[in-house]
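Right, one structure below, let's go through it.
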Amino acid sequence: FPQGFRPISDHAHANDIKILVWFEPERVAADTWLSENHPEWILGGKNGGLLNLGNDDARTWLTDHIDALLTKQGIDLYRQDFNMDPLDLWRKNDAEDRQGITEIKHVTGYLAYWDELRRRHPDMLIDSCASGGRRNDLETMRRAVPLWRSDYAFEPIGHQCMTYGISLWLPFHGTGTVACVDAPYYGGGLTPIQPYAFWSNATPSINCGFDMRVKEIDYAALRKLIAQWRTVSPNYYGDFYPLSPYTMDKGAWIAWQFDRPEAGEGMVQVFRRAESIYTGAALRLKGLDS
């Protein structure tokens, strides 16, 4: 990126598209500008480690640095990742009778950093990743959403259960649907377009994990499913009612309801898993005027 992201953001904005850029500001590697110039800001020092956001000078520098990047590069959405375990570094920084203080200061500093970024960029949205869903605490979620709610991706039963659980707390979250990925971590290769798998991974925010350079993907099936999703997706903002017990049993059914009484609309999603011996179910819907 010899000219930074600005040519990309300008092109996107000209086509009414926003760009999201991925940051991981807390993890500092050795032999980088931060570790060489400000080892006192890092829990781990010159060897790298955790940028201590409980340090006012470190947090002020980071805020100004990211603010300048957002402004200069025309970045619309801020994504923050966090791929390390900070607990040992926090504990080593505290005396025995002060355990937890560094952690508390870091967490309050991390939230203050976001609050100041949002004050300077009031229209900016934040996507919290953190190794896939490892920071979905309530204070983080007051300020952000998890567009990638877990690194456990694409498998139907796991994501049915995630939607069931996270919908009790958060109205907006995301995961991916996939047709072709190269990464072995996600299974690799070409996978068929299956309605059951698509709807198991359907969320208020869908990440499309397919490579459009691959001509063999069934694009007609994808277009049909995404068009269906668009017609029902507003219902994810409605009241959420589980209609069956939570279970990962391959022989069970799992079901829930989203209801928008103010719009007179809603939807029921029911999944009959592969090993079920049952061909029908009677579900008592919630929140309806009989």
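Things worth noting here:
Residue by residue, here is whether (1) outside any helix (DSSP H, G or I); (2) modelled with pLDDT under 95; (3) touching a strand residue (DSSP E or B) at 6+ places or on another chain (Cβ under 7 Å); (4) within 18 Å of residue 66 (Cβ to Cβ) holds:
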position	(1), (2), (3), (4)
91	no, no, no, no
94	yes, no, no, no
102	no, no, no, no
106	no, no, no, yes
109	no, no, no, yes
114	no, no, yes, yes
118	no, no, no, yes
123	yes, yes, no, yes
127	yes, no, yes, yes
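- All of 193, 206 fail the test of being closer than 25 Å to residue 147 by Cα, surrounded by 13 or more Cβ atoms within 10 Å (Cβ to Cβ) and in contact with a strand residue (DSSP E or B) (Cβ under 8 Å, 6 or more places away or on another chain), apart from 206.
- Members of segment 164-176 that are open to solvent by less than 10 Å² (accessible area, probe 1.4 Å) and either over 18 Å from residue 135 (Cα atoms) or more than 13 Å from the chain's Cα centre (by Cα) (or both): 176
- Those strands (runs of 3 or more DSSP E) lying entirely in segment 1-74 with at least 2 residues under 19 Å from residue 102 (Cα atoms): 27-29, 48-51
- Condition met for residue 72 (open to solvent by 80 Å² or more (accessible area, probe 1.4 Å) and under 23 Å from residue 48 (Cβ atoms)): no
- For residue 163: the one exception among (1) over 25 Å from residue 71 (Cβ atoms); (2) without any contact (Cβ under 8 Å) to a residue 60 or more places away in the chain; (3) not acidic (Asp, Glu): (2)
- Residue check for residue 216: touching a residue at least 12 places away in the same chain (Cβ under 8 Å) and either among the polar types (S, T, N, Q) or exposed (fewer than 12 other Cβ atoms within 10 Å of the Cβ) (or both): yes
- Checked against (1) closer than 30 Å to residue 285 by Cα; (2) touching an Asp or Glu at 6+ places or on another chain (Cβ under 8 Å); (3) buried (at least 19 other Cβ atoms within 10 Å of the Cβ), residue 159 passes all but a single condition, namely (2).
The values are calculated or read from the model by the stated rules, or taken from the named source; none is laboratory data. Values in this document were obtained by computation on a predicted structure and should not be read as measured data. Cβ atoms come from the backbone with ideal geometry, glycine included; neighbour counts cover every protein chain shown. Only protein heavy atoms, including side chains, enter the accessible area calculation; ligands, DNA and RNA are left aside. Shrake-Rupley method; radii C 1.70, N 1.55, O 1.52, S 1.80 Å.
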